[in-house]
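Enquirer: I'd like to ask you about the structure that follows.
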Amino acid sequence: SGSTSGNDKPRILLMGLRRSGKSSIQKVVFQKMSPHDTLFLESTNKIVKNDISNNSFVQFQIWDFPGQIDFFDSTFESDLIFGGCGALVFVIDAQDNCVEAISKLHQTVCQAYKVNPNIIFEVFIHKMDGISDDLKIQIQQDIQQRLQEELADHAQDNQIPQNIPIRYQLTSIYDHSIFEAFSKVIQKLIPQLPTLENLLDMLVSSSRLDKAFLFDVVSKIYIATDSAPVDNTTYELCSDMIDVVIDVSCIYGMKDQNDSFAYDEDSSSVIKLNNDTVLYLREVNKYLALVCLINKSNFDKIGLINYNFQCFKQAISQVFEVRDIIQAQQKQKKLL
Ligand code: GDP
C-alpha cells in the first residue's frame, strides 16, 4: 500500500503554494520552533525539500510549489513522488486570494490520483488565527465548493472520478489546531489503529482512567486515543505535559552532552492538578508516550495502574513486532 512501501513509517507530502505556511508548519510541529519565530523564516528557492524527522514515528516530506513546478514536464517524477506517499496534505493560505491555490490543488489531486489512487487527500485551510468563526465557515465552504466544481468539470477529461474523498481541516500554527489536524491525518495512515484503540480502551477501563492518548513525543501528534470523545482542553493539557517533561528532562535529565534526546525508558511523570485530576505520562517506546488523565481517587491505585501499563506496553510492542515481520515478508516476496 502507498503508506508503507519502502518504509514502515507513515509518509506524508506537504504541498502548497509558496508562502502558504509549509515550512512554518514543519518547524512548529516537528522542530518545536515558536510560531512567532516563523515570521523570519527565509523563503527557500529549492523546489524540493526533504525534511524527515528521524526521531519521530511520523516520516514526512515537504514539497514546495513555486510556480515553476510543472506536472507535464517530463522531469517531474510523479511515480516516484506520489507512488510511495500515504497522504498528501495541501496547504492553502486562507488570508490570501485562493484562486491560484485551488487551481494548483486541482492539478495536484488529478496527477496524484492517476499515479496512486490510494492516496489520502487532506486540505489544510491554514492561517485561520484572527478570523471570526462565521467567516471561517464561509471560507471553508467557498474553497470546498470551488474545488468540487473544478473536479467535476474536468473529471472526464482527466479520467478520474468526480467524487475523490478530500477532507478539509482548519489550521493555524498559533494554537493546537495544527497538531490535531496532523493527528487525524496520521491516524488514517496507521493500519494498526483499531488494535491500538482497543488496547487503549482496555487500559482505560481496567485502570479507571478518564482519558488516554498515545503521543508521538517529538511532534506531539497523537496517533491513537481511547474511544471516549476527545475534549480539546484535555488534549491540550496532555500535549502540554509532553513539553514540560521534555523541557525538565533536557535541563536535569541528560546523562551527558551527547545525549541527543531527553527521552528514554525511564521517562515518566506525574502532575497533580488542583481539580482532583492527575496527569500521568509513561514511556511506551522510542517514539511514543502514553499520557493519561486520572481522577485523584483512582490514582491511589497506582500499583495496579503500573501493572496494567506494563501489559499495555508489552502488547504495543507486539503490535509493532508483528507489523515488522509482515513487512519483512512482503519485502522478501517482492524480491523473489
Ligand atoms: P512556505 O513557503 O509555504 O514554506 O511558507 P512559510 O512557512 O515560509 O510561511 C510564510 C509566512 O506565513 C511566514 O511569515 C509565517 O510566519 C506565516 N504563517 C505560517 N503559518 C501561519 C499561521 O498559521 N498563521 C499566520 N497568521 N501566519 C502564518
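The values are calculated or read from the model by the stated rules, or taken from the named source; none is laboratory data. The shown structure was predicted, so the numbers you read here are calculated from the model rather than taken from an experiment. Quick reminder, even Gly has a Cβ in these numbers, built from the backbone with ideal geometry, and neighbours come from all protein chains shown.
Enquirer: Can you find even one residue in the range 265-274 that is at pLDDT 90 or above, more than 14 Å from residue 203 (Cα to Cα) and crowded, with 18+ Cβ neighbours inside 10 Å?
Expert: No: zero hits.
Enquirer: Filter the range 121-132 down to residues that are more than 10 Å from the ligand (Cβ to nearest atom) and surrounded by fewer than 20 Cβ atoms within 10 Å (Cβ to Cβ) and give me whichever is nearest to the chain's Cα centre (by Cα). Working first, answer last.
Expert: Looking only at the range 121-132, we keep the residues that are more than 10 Å from the ligand (Cβ to nearest atom), and these are 121-123, 125, 132.
Adding the requirement that they be surrounded by fewer than 20 Cβ atoms within 10 Å (Cβ to Cβ) leaves 121, 132.
Values: 121: 13, 132: 25 Å.
Step by step, filter the range 121-132, then rank; the result is 121.
Enquirer: So, residue 136, is that one in a helix (DSSP H, G or I), over 15 Å from the mean Cα position of the chain (by Cα) and not aliphatic (A, V, I, L, M) or not? It would help to see each step written out before you state the result.
Expert: Working: in a helix (DSSP H, G or I): yes; over 15 Å from the mean Cα position of the chain (by Cα): yes; not aliphatic (A, V, I, L, M): yes.
Spelling it out, residue 136 is indeed in a helix (DSSP H, G or I), over 15 Å from the mean Cα position of the chain (by Cα) and not aliphatic (A, V, I, L, M).
Enquirer: Now for a different question. Suppose we filter 209, 196, 189 for residues that are out of contact with any Lys or Arg (no Cβ under 9 Å at 6 or more places or on another chain) and closer than 21 Å to residue 324 by Cβ; which single one remains? Talk me through it step by step, then tell me what you get.
Expert: Working: 209 fails: closer than 21 Å to residue 324 by Cβ; 189 fails: out of contact with any Lys or Arg (no Cβ under 9 Å at 6 or more places or on another chain).
Testing whether each residue is out of contact with any Lys or Arg (no Cβ under 9 Å at 6 or more places or on another chain) and closer than 21 Å to residue 324 by Cβ leaves just 196.
Enquirer: Cβ contacts < 7 Å: first residue over 17 Å from residue 180 (Cβ atoms) and without any contact (Cβ under 8 Å) to a residue 60 or more places away in the chain, restricted to the range 17-28; second residue near the ligand (Cβ under 6 Å from one of its atoms) and in a helix (DSSP H, G or I), any location; separation 6+ or different chain. Result?
Expert: Every condition considered, the pairs that remain are 27/38.
Enquirer: Which of the residues belonging to the range 202-221 are surrounded by fewer than 16 Cβ atoms within 10 Å (Cβ to Cβ) and not small (Gly, Ala, Ser)?
Expert: If we filter the range 202-221 for residues that are surrounded by fewer than 16 Cβ atoms within 10 Å (Cβ to Cβ), which is where we start, we get 202, 205-206, 208.
Of everything in the range 202-221, those that are surrounded by fewer than 16 Cβ atoms within 10 Å (Cβ to Cβ) and not small (Gly, Ala, Ser) turn out to be 202, 208.
Enquirer: While we're on this one: Which ranges mark the strands (runs of 3 or more DSSP E) fully within the range 10-126 that have 3 or more residues being modelled with pLDDT under 90 and under 18 Å from residue 186 (Cα atoms)? Before the answer, list the steps.
Expert: Numbers: elements: 11-16, 59-63, 87-93, 120-126.
Those strands (runs of 3 or more DSSP E) span 11-16, 59-63.
Enquirer: One residue is enough: does the range 108-118 have a residue meeting the conditions within 16 Å of the ligand (Cβ to nearest atom) and more than 30 Å from residue 302 (Cβ to Cβ)? Steps first, answer last, please.
Expert: Filtering the range 108-118 for residues within 16 Å of the ligand (Cβ to nearest atom) gives 108.
Add one more test, that the residue is more than 30 Å from residue 302 (Cβ to Cβ), and what stays is 108.
Looking through the range 108-118, at least one residue is within 16 Å of the ligand (Cβ to nearest atom) and more than 30 Å from residue 302 (Cβ to Cβ).
Enquirer: Give me the residue from the range 265-309 that is assigned to a loop (DSSP other than H, G, I, E, B) and touching an Asp or Glu at 6+ places or on another chain (Cβ under 8 Å) and, out of that set, farthest from residue 223 (Cα to Cα). Before the answer, list the steps.
Expert: First pass over the range 265-309, keeping only residues assigned to a loop (DSSP other than H, G, I, E, B): 265-267, 273-276, 284-287, 300-301.
Pick out the ones that are also touching an Asp or Glu at 6+ places or on another chain (Cβ under 8 Å) and you get 265-267, 287.
Details: 265: 19, 266: 21, 267: 19, 287: 11 Å.
Of everything passing the filter in the range 265-309, 266 is farthest from residue 223 (Cα to Cα).
Enquirer: Report, by residue number, each residue of the range 279-336 that is small (Gly, Ala, Ser), over 21 Å from the mean Cα position of the chain (by Cα) and within 22 Å of residue 235 (Cα to Cα). I'd like the intermediate steps shown before the answer.
Expert: Let us first name the residues in the range 279-336 that are small (Gly, Ala, Ser), namely 289, 297, 303, 315, 317, 328.
With over 21 Å from the mean Cα position of the chain (by Cα) added as a condition, the list becomes 297, 303, 315, 328.
The answer is 297, and nothing else.
Enquirer: Hey, could you check the range 177-193 for residues that are touching a residue at least 60 places away in the same chain (Cβ under 8 Å) and buried (at least 18 other Cβ atoms within 10 Å of the Cβ) and say which is farthest from the ligand (Cβ to nearest atom)?
Expert: Ranking the qualifying residues of the range 177-193, first place goes to 190.
Enquirer: Search the range 96-120 for residues being within 20 Å of residue 23 (Cβ to Cβ) and among the charged types (D, E, K, R), and hand back the single one that is surrounded by the most Cβ atoms within 10 Å (Cβ to Cβ). Give the derivation first.
Expert: Within the range 96-120, the subset within 20 Å of residue 23 (Cβ to Cβ) is 96, 98, 100-101, 104-105, 108.
If we keep only those that are among the charged types (D, E, K, R) too, we end up with 96, 100, 104.
Working: 96: 14, 100: 13, 104: 20.
Looking at the filtered set, the residue picked out is 104.
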